[in-house]
Amino acid sequence: MDSAHLFNGTGEHAVATTRIAERQWHALEDDQVVGRGEVSHRPDGRLFLSIDAWHEAVFDRLAGTMLADLPRPLYTVVDEADLDLMLQWERAGFAPRRREWEYVVPTDPRITGLGSAPPPPGVTTVAVGEAEEGPLRALDRVIRDEIEATVGWQEMPAEVLSGPDGPPRPDPAKYAVAARSDQYVGLVRVAPLPRQPRIGLIAVRSDQRRRGIARALLAEVLGSAHQRGIATASADVNQSNGAAIALFEGVGARRAGSNLELVLR
């Protein structure tokens, strides 16, 4: 295993950093673990780092060891309210790449205003888990092509990004869709977490936008959660996505925090 050492002012051995596995590093002081580092592969192939250390010197030592072992670019995600952690990553050379706002979204239709509004004419919604896989995959391909031609698919959530083997196959168990004339025209990805479902990507075909389809999809997933006794859902929205921000804030969602994705190139 690879290792590096940190010495105190008297020249005595203080901290050793060791790569204990392909994706894990430890910092040891007096045979005790005082820091841990880990790298994970996201679906698009990017490498994301995380470090948990007792103090700044250990963080810096772990970061230096990991950066020497790994190819660039490298990424990490930080809660923007954690200023100390932000500064630690910046000392290691990382810089902000994108920001996501975290929203808490009410599910009660009396708050969202989505209960009384019918879907757009000719549009029906299909609940999470009930979409047909073939039409869902066809819509996913269309939306990927449209996004890639505009803002770029790399700005999308990590769980839907393409990997070395191509885009992940959309799982009907995690998607609700909107249909018009037997064709799927919009989708929303939902991670069915027990206490607070997480709403991910919401997308509508470019020729079907500005018709209320995204609101109809939100009404479907939020209404379903409300019926199960779930009071709120969560959502992460890229700060540059003005349409999505307006959509969520228009149904009473409140901003609860923000995460920064940092990159070292």
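The values are calculated or read from the model by the stated rules, or taken from the named source; none is laboratory data. Here the structure is a predicted model, which means the values were calculated and not measured. Cβ coordinates were reconstructed from backbone atoms using ideal geometry, including for glycine residues, and neighbour counts include every protein chain displayed. These area figures cover heavy atoms from the full protein model, side chains too; ligands, DNA and RNA do not enter into them. Shrake-Rupley method; radii C 1.70, N 1.55, O 1.52, S 1.80 Å.
With the full set of protein chains in place, find how many percent of the accessible area of the stretch 159-253 is carbon and sulfur; take the probe as 1.4 Å. Walk me through the numbers on the way to the answer.
On the way: 2120 of 4610 Å².
So the carbon and sulfur contribution to the accessible surface is 46 percent.
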remark   = Heavy-atom accessible area per residue of the stretch 195-265, all protein chains kept, 1.4 Å probe, expressed in Å², is 49 Å²
Gap separating the Cα centres of the stretch 15-50 and the stretch 189-245, nearest whole Å = 35 Å
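Can you pull the percent of the stretch 30-96's accessible area that's carbon plus sulfur, 1.4 Å probe, other chains left in place?
On the way: 1680 of 3530 Å².
Looking at the stretch 30-96 in its full context, I get 48 percent from C and S.
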ask   = Could you give the semi-axes, largest first, of the ellipsoid that matches the stretch 174-265, computed as the square roots of 5 times the alpha carbon gyration tensor eigenvalues and rounded to whole Å?
value = 22, 19, 13
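Counting Lys +1, Arg +1, Asp -1, Glu -1, what net charge surrounds residue 51 among other residues with beta carbon under 9 Å of its beta carbon? Spell out each step's value before the answer.
Working: positive: 36; negative: 38, 52.
Taking every Cβ under 9 Å from that of residue 51, the sum is -1.
Pop the C-beta distance of residue 56 and residue 240 into the FRET formula with R0 = 35 Å and round what comes out to the nearest 0.05. Mind showing how you got there, number by number?
Working: r = 32 Å, r/R0 = 0.92.
Plugging the Cβ-Cβ distance into 1/(1 + (r/R0)^6) gives 0.65.
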message = Taking the Cα of residue 193, stepping 7 Å toward and past its beta carbon, and measuring to each backbone N in the stretch 205-235: which are under 14 Å?
response = 231-235
remark   = Label model pair residue 116, residue 90: point-to-point distance (7 angstrom along the Cα→beta-carbon line) in nm is 4.9 nm
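Kindly identify the stretch 191-245 as rounded, prolate or oblate by the Cα gyration tensor criterion: order the square roots of the eigenvalues as a ≥ b ≥ c, call it rounded if a/c is under 1.5, otherwise compare a/b with b/c, prolate if a/b is larger, else oblate. Working shown, then result.
Values: a/c = 2.73, a/b = 1.57, b/c = 1.74.
It comes out oblate by the Cα gyration axes.
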ask   = Across bins of 10 angstrom width beginning at 0, how are the C-alpha pair distances of the chain distributed, in whole percent?
value = 6, 25, 28, 20, 13, 6, 2, 0
inquiry  = With 27 Å as the cut-off, how large is the P(r) tail for the stretch 3-129, expressed as percent of Cα-Cα pairs?
reply    = 41 percent
